[in-house]
1. Just to check I understand the Karplus step: with θ = phi - 60° and J = 6.51 cos²θ - 1.76 cosθ + 1.60, what whole-Hz values come out for the range 150-162, glycine and proline as x?
2. Using only DSSP helix segments of four residues or longer, with each worth -39500 (n - 2.57), what per-residue ellipticity at 222 nm results for the chain after dividing by its residue count and rounding to 500?
3. Using a cut-off of 14 Å between beta-carbons, work out the net charge of the residues near G232 (Lys and Arg +1, Asp and Glu -1, G232 not included).
4. Seen from all sides and averaged, what is the projected area of the convex hull of the Cα atoms in the range 225-264, in nm²?
5. Please list, ordered by chain and number, the residues whose modelled amide H lies under 5 Å from the amide H of F195; skip anything fewer than 5 residues away on the same chain.
6. Need the full-extension length gain, E311 to N99, defined as separation in residues times 0.36 nm minus the C-alpha distance. One decimal, nm.
7. Could you work out the relative contact order of the chain? I mean the mean sequence separation of Cα pairs under 8 Å and 6+ apart, divided by the number of residues, in percent.
8. What is the gain in length, in nm to one decimal, between K194 and I154 on full extension, counting 0.36 nm per residue of separation less the C-alpha to C-alpha distance?
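Derivation of every value follows stated rules applied to the coordinates shown; laboratory data play no part. The shown structure was predicted, so the numbers you read here are calculated from the model rather than taken from an experiment. Don't worry about glycine lacking a Cβ; one is built from the backbone with ideal geometry, like all the others, and counts go over all protein chains shown.
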Amino acid sequence: MKMDKRQFLAGSAALAGSTMTWSVTALGADGAELKASHSVNTTIYAPHMVAKAKGFAAEEGLDLQLTEALGGSKVRKLIAAEQVSYALGDSSHPLQLTNRGKPAKILLATDNRCSYANIVLRKELADKGIDSIEKLAEYKNPDGGKPVIAATGIGSGTWVYGTYVLESFGVNDNFNWVAGGGSKTILGGLKAGKFDAIMAVPAWQFRAQDEGYGTSLYDISDKAAWDKVFGGKIPASVVYVLEETVKDNPELAQKYVNALYKSMQWLGASSEEEIYKVVGPLMPKFPEALVKREIAYYKNIWQFDASFPAEDFGNGAKVWFREKTKIKPLEYGAVADMSFLEKAQKA
């Protein structure tokens, strides 16, 4: 049964809690409708927003409808329920879908480091001389308990990468992991001393530092620090889709990939100010200075050619396929389909 837009939004809300569908422009309104989703309008998902706002999707004859699902796992659920066709999100999600009997394909990557693998330490502890993960692992709370570190949720992308960072130092068992929630609660918990450290996206990292209650303990923007733990590039954010969706309409898949590839190329060629003019209005909750700071940050880790190499997948496999994540190992060929990207790159 074909759903109209009102039915789709109602179904999405029932499945994923609060979601928000937004429109940037009427361009492409008469084209082929394509429903896609990402977690929230923030700089990490600029490739989606740019594809819509700059008219790259419209150039491909697409009416691109984007849904903010307000959570990566909610995006995955929308894909699984076929309420949206394409997603931009954490690379573990298509692996989980495939594990659960919904074969998914990764069509391209938009970055090569995980921007939410940062660890921010409570400033009070830094002032006491704790300046490394090893020193924090030895710290005991006033009640004698382990140091408390917060991810957005247990099982979330921040938890997947955070546990791997601590495991690489051999100290994960020295910590008590808790769910910190979104920006208000996780930053509030750090500021109030409820958490000793948090996993942080760049905006949270910047805010904690600027407001004086947090300091960086592990920063993925330091390439040497990243390589020491992860060994090289990892496609942390990817475009993914159910395999049956691609098989049902490969022409539509090609148009979508073309638009996203153009978006990545534009991000690579444009200045931070030019990018801000496009994505800034779509991120009204964030101050202009912070958005521009994030853009500068992502300019260093975006994958401008959108490639998803087997070698990078191999680096990521060490993070994704662990006993702690419960994601069963998959081969590169089982989840990657680069045929559409290759055509886009040659166009």
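1. Per-residue couplings from phi come out as 10, 9, 4, x, 6, x, 6, x, 4, 6, 4, 6, x Hz.
2. -12500 deg cm²/dmol
3. +1
4. Averaging across all directions leaves 4.0 nm² for the Cα convex hull.
5. L190
6. Going from the current span to full extension adds 74.2 nm.
7. That works out to 24 percent.
8. 12.7 nm
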